[in-house]
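Here the structure comes first, spelled out in structure tokens, and everything after it is commentary.
The values are calculated or read from the model by the stated rules, or taken from the named source; none is laboratory data. Only a predicted model underlies this, so the values are computations on that prediction, with no experimental measurement involved. Positions of Cβ are backbone-derived with ideal geometry, glycine not excepted, and every protein chain shown enters the neighbour counts.
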Amino acid sequence: MSMPATHELTVKVEAASLAALVDAGAGLYAFLGFQTSNRTAVPLVFVAQPQLAASMPVAWAEDYRGFVSQTLLPDGVGAPGKRTIEIASTSAARLGDALTLSGTLGLDAASGGTPGALTFRSGQPATVTCGLSYGGGDFTPACAATLNPGIDVVLAPLQVAFVMLSSSQFQAGAWVSASAGNGLRVDMTAADARIVTFDMKAPGGWVESGQAWAQPVPAGTPLSNVLRQAPRPNVARMMRR
């Protein structure tokens, strides 16, 4: 069996910037992109590294699991409710699988889903949260959506990462509605590895901001706008970009 493809984004921090960020109590937070037409879907913190270093790797593998959770997503920015997804169960899956929710909150995987994506289905009466997690060590949730009875949720991975340095504190698996610092969206489609550098004196804080594959993201930008991509109209198959 072939090994899944892996990707690594290395975040470097210039020396004076690192000292200033450490003094501010900042950490590194990373998110991964996804494709869906479901507007309840949100990105989750994939990597939370509260202790900064001069060089920090963010790695993931194209090895997927679907998950389900009883933690419901807050309905809108500032809404009450938990913001960290607590996983109830997971299922190994291949892109193109359909994962059906059982009465015991399990997921049964079978072929017959949307090509290039995971399709979540439920005939159970309760509303739950479903989502996509990536391998590369522990399976970590990357995005989540509301799963209602009779309404399929289709989620496809994108090889896109977003990183931000922030003094706000977040846990892995947390829903964060907007960027809490000047961040960078990095397209990894054409490269399995990239290196980016934060320098507080650079435009937008990132040295690579002028590259075609690196898009600076100002603080306060809704992360769903940065990481959630809708498929083209009239195309059932999920495309990678």
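Looking at region 169-180, can you tell me whether even one residue there is in contact with a Lys or Arg (Cβ under 7 Å, 6 or more places away or on another chain), on the phi < 0 side of the Ramachandran plot and of a type in the set (Gly, Ala, Ser)?
yes
Please list, ordered by first then second residue, the pairs with beta carbon atoms under 6 Å, 6 or more apart or interchain, first in region 1-25 and part of a helix (DSSP H, G or I), second surrounded by 12 or more Cβ atoms within 10 Å (Cβ to Cβ) and among the hydroxyl-bearing types (Ser, Thr, Tyr).
As it stands, the answer is Ala24/Ser167, since those pairs meet every condition given.
From the list Leu73, Leu52, which one is touching a residue at least 60 places away in the same chain (Cβ under 8 Å), closer than 18 Å to Trp175 by Cβ and part of a loop (DSSP other than H, G, I, E, B)?
Of Leu73, Leu52, the one residue that is touching a residue at least 60 places away in the same chain (Cβ under 8 Å), closer than 18 Å to Trp175 by Cβ and part of a loop (DSSP other than H, G, I, E, B) is Leu73.
When you go through Gly210, Gly181, Gly173 one by one, which is the residue that is without any contact (Cβ under 8 Å) to a residue 12 or more places away in the chain and either under 22 Å from Gln229 (Cβ atoms) or out of contact with any Asp or Glu (no Cβ under 7 Å at 6 or more places or on another chain) (or both)?
The unique qualifying residue is Gly210.
Of the residues that sit in region 204-217 and are part of a loop (DSSP other than H, G, I, E, B) and more than 18 Å from the chain's Cα centre (by Cα), which one is surrounded by the most Cβ atoms within 10 Å (Cβ to Cβ)?
First, pick out the residues of region 204-217 that are part of a loop (DSSP other than H, G, I, E, B): 211-213.
Still in the list and also more than 18 Å from the chain's Cα centre (by Cα): 211-212.
Working: Gln211: 14, Ala212: 7.
Applying the filter and picking the extreme gives Gln211.
Looking at Val160, Val207, Val196, Val186, can you tell me which residue is under 22 Å from Arg39 (Cα atoms) and modelled with pLDDT of 95 or more?
Result: Val160 is the single residue among Val160, Val207, Val196, Val186 that is under 22 Å from Arg39 (Cα atoms) and modelled with pLDDT of 95 or more.
Which of the residues spanning region 109-144 are surrounded by fewer than 22 Cβ atoms within 10 Å (Cβ to Cβ), touching a strand residue (DSSP E or B) at 6+ places or on another chain (Cβ under 7 Å) and among the hydrophobic types (A, V, I, L, M, F, W, C)?
Matches in region 109-144: Ala109, Ala110, Val128, Phe139.
For the condition outside any loop (DSSP other than H, G, I, E, B), buried (at least 22 other Cβ atoms within 10 Å of the Cβ) and touching a helix residue (DSSP H, G or I) at 6+ places or on another chain (Cβ under 7 Å), what is the one hit in Phe31, Phe67?
From the options Phe31, Phe67, the qualifying one is Phe31.
With respect to Thr10, determine if the residue is touching a Lys or Arg at 6+ places or on another chain (Cβ under 6 Å) and not charged (D, E, K, R).
Criteria not met by Thr10.
So which residues in region 147-179 are out of contact with any helix residue (DSSP H, G or I) (no Cβ under 9 Å at 6 or more places or on another chain), assigned to a loop (DSSP other than H, G, I, E, B) and crowded, with 22+ Cβ neighbours inside 10 Å, if there are any at all?
Gly173
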